[in-house]
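The next block holds one structure in the form of structure tokens; read it before the comments.
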Amino acid sequence: MTLSVLLASDDGADAGWLHRCLGGAIGVTQAPTLAEVLALAPQASLIVLGDGIADADPAAILAALAGHETVLRVVRLGEPAQLAADARVAFVLSRTTPAPAAAALLTSLAWGRPAAALAGNVARELDAGEAERRSRAYAATRGLAVAQDLGAAERVAADALLELVDADRARCVLVDAAGGELWSGETSWQADRGLVGWAARTGAGAVADRASGDSRWCAADDPDGRGDDRLLVQPVLGDDREVHAVIVATRGARRPAFDERDVAAARAFAEAAGPLLQQLARHVEAREVLDRARDDELFRREAALAHAGDRWGDVLRVTPGWVRWVYAALVVALAAGAAFLVLGRVSTYARGAGVVRLLARAEIAAGAAGNVGALDVTLGQSVAAGDVIARLDDAAQLADVARLDRGFQDRVRQRLLSPADAAAGESVAAARVELERARGALDERRIRAPRAGVVGDIRVRPGQRVELGDVIGSIVDPDAGAELYAIVPGGDRPRLAAGQRLRLELDGFHHAYQDLAVESIATEVMGSEEALRYLGRVAGDVGLRGPVVLVRARLPRALVADGVAYPWVDGMGGTVHIELESERVVHALVPGLRER
């Protein structure tokens with residue numbers, strides 16, 4: 001399953017914070033406008049709502065998302081006070097929440113399961129301390145085994161936690177994992193904020209040495225702790241790995257902080273109590289269903305069963321009634337199969353590899369060997385014919401040009417001082433020739449664009465060694481279009497013809513087929529190595545064996561996949577199928593029935 005988080009915000013700081021929290025584990029897509037939010041919402045596993053976008057505030061975004069049936073989980077990024085209590089969000093997450101805590105919540109909501117359940121149980125070594133904790137937890141859960149309702153289970157769990165961790169106050173909050181609702185006694189609220197809500201969503205525990213110092217704490221939704229109290233929050237997971245309750249222990253500010261032993265004791269109690277709470281919840285649910293069913297009956301079920309007497313069966317039937325329906329279905333299936341054999345057709349295809357080549361494309365080759373000193377262009381930059389693309393190391397050539405230029409200037413001055421001296425004139429001419437030769441050698445260190453266009457590819461970096469003729473990049477014209485070269489087995493050449501149907505499936509775009517028509521076919525079969533040389537370096541990864549034939553087809557202006565248009569990229573590869581012939585299914589199964 002692929003997870004994606006949609007960030008409804010136009011603030012780059014929100015995107016940076018979200019990326020730091022998730023650490024690349026889940027993909028993040030930012031939507032800066034309401035239209036993009038509504039378009040991307042159905043594909044998102046989770047929606048994170050910032051302070052607003054370019055054309056809507058949080059309330060307007062939530063109102064627009066309410067009409068999307070596929071939107072199930074929304075996280076509000078901000079302070080709890082900034083959003084109404086009845087807002088339809090899964091959680092209100094503060095920007096000051098630590099990254100691990102935020103990541104656990106976002107992962108839980110994206111998967112629709114607590115993060116602790118996704119991670120699985122962590123095996124702990126059964127030493128003397130762990131054995132003691134398990135024994136105490138087992139003794140504390142005895143009361144849960146005989147509880148008949150959820151209210152009694154709450155009281156038993158709170159009393160047991162109060163004794164296990166030596167807390168001032170303790171509380172058990174029941175959780176409806178399906179609806180995201182919390183309740184305790186006669187009070188219920190949504191698990192959309194606070195430490196208790198965070199634990200119910202993530203299935204992970206938390207310890208706060210000072211309640212108000214934890215960014216997850218919410219005074220309205222964590223009523224067991226005042227701002228200066230110490231809190232220990234532990235979720236209770238059942239065998240189904242869903243959170244069924246959250247237990248909360250509270251100590252005053254003057255009491256010692258909860259330590260690892262307290263956390264381990266609470267965790268051991270939660271592990272022992274989880275299956276019991278799960279069974280009790282199922283029992284209560286079943287009892288409610290039975291009570292509702294009995295309320296609808298006129299008489300008590302026991303009285304109705306006692307009044308019912310013997311019943312005679314129906315007349316003996318040798319053939320059950322369902323046999324007639326099965327017989328009719330078999331007749332229809334046989335008739336449909338016979339019609340398919342006679343009227344259906346099966347096609348034969350030539351299968352091979354395909355390579356996309358841009359029409360207006362020119363490779364940039366090095367005119368000399370050496371190390372790349374600098375790159376004068378970037379990808380996507382427009383250049384004219386003759387513009388410098390890269391410069392090879394030319395310190396020696398520059399020194400030669402400077403030295404010869406000084407010598408040339410000296411000989412020119414001597415010529416001007418002695419106009420009648422024929423030797424001085426010959427010396428100037430010889431110096432000019434040497435200077436031009438040096439400038440030509442220097443120009444060879446400049447790698448220039450062979451034509452005008454856009455830099456589509458750069459394959460070198462400064463400091464890299466290149467040899468004479470090495471391809472360092474390419475110049476393309478994005479508006480010139482592209483064509484497809486299909487490489488199919490040479491044995492299929494006699495049955496290939498222009499106009500045949502060709503289907504292309506590009507790598508990375510599964511089931512986004514491109515239906516084309518064959519424009520031309522090579523007249524001769526060639527070897528695989530010759531075909532690779534013809535197509536260039538971009539086809540180096542295409543696995544070819546034996547003789548092949550090249551087939552060319554014109555591509556549309558853009559690649560359309562899932563309703564989105566993408567530009568063609570030189571060297572894209574895929575698989576092609578060319579329909580060679582079609583025949584009836586019966587002829588394929590029984591070749592002797594073919595017409596002679």
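Taking only region 436-464 into account, find how many residues are of a type outside the set (Lys, Arg) and modelled with pLDDT of 80 or more.
At the first step, the residues of region 436-464 found to be of a type outside the set (Lys, Arg) are 436, 438, 440-444, 447, 449-450, 452-458, 460, 462-464.
Filter again for modelled with pLDDT of 80 or more, leaving 436, 447, 449-450, 452-455, 458, 460, 462-464.
Looking only at that region, the number is 13.
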Seminar exercise, completed: Wholly inside region 198-296, strands (runs of 3 or more DSSP E) that include 2 or more residues that are farther than 20 Å from residue 156 by Cα and in contact (Cβ under 8 Å) with a residue 12 or more places away in the chain are 206-208
Exercise. With region 360-416 as the region, which strands (runs of 3 or more DSSP E) entirely inside it contain at least 3 residues that are closer than 30 Å to residue 477 by Cα and at pLDDT 80 or above?
Worked result: 370-375, 388-392
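Each row is one residue, and each column tells you yes or no for (1) over 11 Å from residue 266 (Cα atoms); (2) surrounded by 22 or more Cβ atoms within 10 Å (Cβ to Cβ); (3) of a type in the set (D, E, K, R); (4) touching a Lys or Arg at 6+ places or on another chain (Cβ under 8 Å).
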site: 139; (1), (2), (3), (4): yes, no, no, no
site: 149; (1), (2), (3), (4): yes, no, yes, no
site: 156; (1), (2), (3), (4): yes, no, no, no
site: 162; (1), (2), (3), (4): no, no, no, yes
For this session: May I ask you to verify whether residue 332 is loosely packed, with under 12 Cβ neighbours inside 10 Å, aliphatic (A, V, I, L, M) and under 30 Å from residue 578 (Cα atoms)?
Result: no
Exercise. What about residue 51, is it more than 17 Å from the chain's Cα centre (by Cα), in contact (Cβ under 8 Å) with a residue 60 or more places away in the chain, surrounded by 14 or more Cβ atoms within 10 Å (Cβ to Cβ) and farther than 22 Å from residue 564 by Cα?
Worked result: no
Exercise. Out of (1) assigned by TED's automatic domain parsing to the domain that holds residue 561; (2) out of contact with any Gly (no Cβ under 8 Å at 6 or more places or on another chain), the odd one out for residue 505 is which?
Worked result: (2)
Exercise. Taking residue 384 and the conditions (1) within 30 Å of residue 444 (Cβ to Cβ); (2) surrounded by 15 or more Cβ atoms within 10 Å (Cβ to Cβ), which numbered condition does it fall short on, given that it satisfies the others?
Worked result: (2)
Seminar exercise, completed: Selection from region 231-263 of residues surrounded by fewer than 23 Cβ atoms within 10 Å (Cβ to Cβ) and closer than 22 Å to residue 176 by Cβ yields 238, 239, 240, 241, 242
Exercise. Does residue 469 meet the test of being surrounded by 18 or more Cβ atoms within 10 Å (Cβ to Cβ) and closer than 30 Å to residue 374 by Cβ?
Worked result: no
Problem set entry | Qualifying positions in region 343-364 - charged (D, E, K, R), in contact with a Lys or Arg (Cβ under 8 Å, 6 or more places away or on another chain) and surrounded by 14 or more Cβ atoms within 10 Å (Cβ to Cβ) | none
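Restricted to region 215-230, and to residues that are crowded, with 24+ Cβ neighbours inside 10 Å and of a type outside the set (Phe, Trp, Tyr), which residue is nearest to the chain's Cα centre (by Cα)?
216
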For this session: Confirm whether residue 188 is modelled with pLDDT under 85 and either out of contact with any helix residue (DSSP H, G or I) (no Cβ under 9 Å at 6 or more places or on another chain) or not assigned by TED's automatic domain parsing to the domain that holds residue 255 (or both).
Result: yes
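Considering each residue of region 402-444, count those that are among the charged types (D, E, K, R) and more than 30 Å from residue 366 (Cα to Cα), and give that number. Please lay out each step first, then the result.
Step one: filter region 402-444 for residues among the charged types (D, E, K, R), giving 403, 405-406, 410-411, 413, 415, 421, 426, 432, 434, 436-437, 439, 443-444.
Okay, now just the ones that are also more than 30 Å from residue 366 (Cα to Cα), so 410-411, 413, 415, 421, 426.
Result for region 402-444: 6.
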Problem set entry | Failed item, numbered, when residue 475 is tested on (1) in contact with an Asp or Glu (Cβ under 6 Å, 6 or more places away or on another chain); (2) under 21 Å from residue 365 (Cβ atoms); (3) crowded, with 17+ Cβ neighbours inside 10 Å | (1)
Problem set entry | Qualifying strands (runs of 3 or more DSSP E) (wholly inside region 421-535; at least 1 residues being among the charged types (D, E, K, R) and free of Cβ contacts under 8 Å to residues at least 24 places away in the same chain) | 514-521
Seminar exercise, completed: Only one of 395, 390, 360, 353 is free of Cβ contacts under 8 Å to residues at least 60 places away in the same chain and touching a Gly at 6+ places or on another chain (Cβ under 9 Å), namely 395
For this session: With the condition kept exactly as written, say whether any residue in region 51-59 is at pLDDT 85 or above and touching a strand residue (DSSP E or B) at 6+ places or on another chain (Cβ under 7 Å).
Result: yes
For this session: Filter region 157-178 down to residues that are free of Cβ contacts under 8 Å to residues at least 24 places away in the same chain and in a helix (DSSP H, G or I) and give me whichever is farthest from residue 109 (Cα to Cα).
Result: 163
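The values are calculated or read from the model by the stated rules, or taken from the named source; none is laboratory data. Just so you know, these numbers come straight off a predicted model, no measurement behind them. Here Cβ is always computed from backbone atoms with ideal geometry, including for glycine, and neighbour counts include all displayed protein chains.
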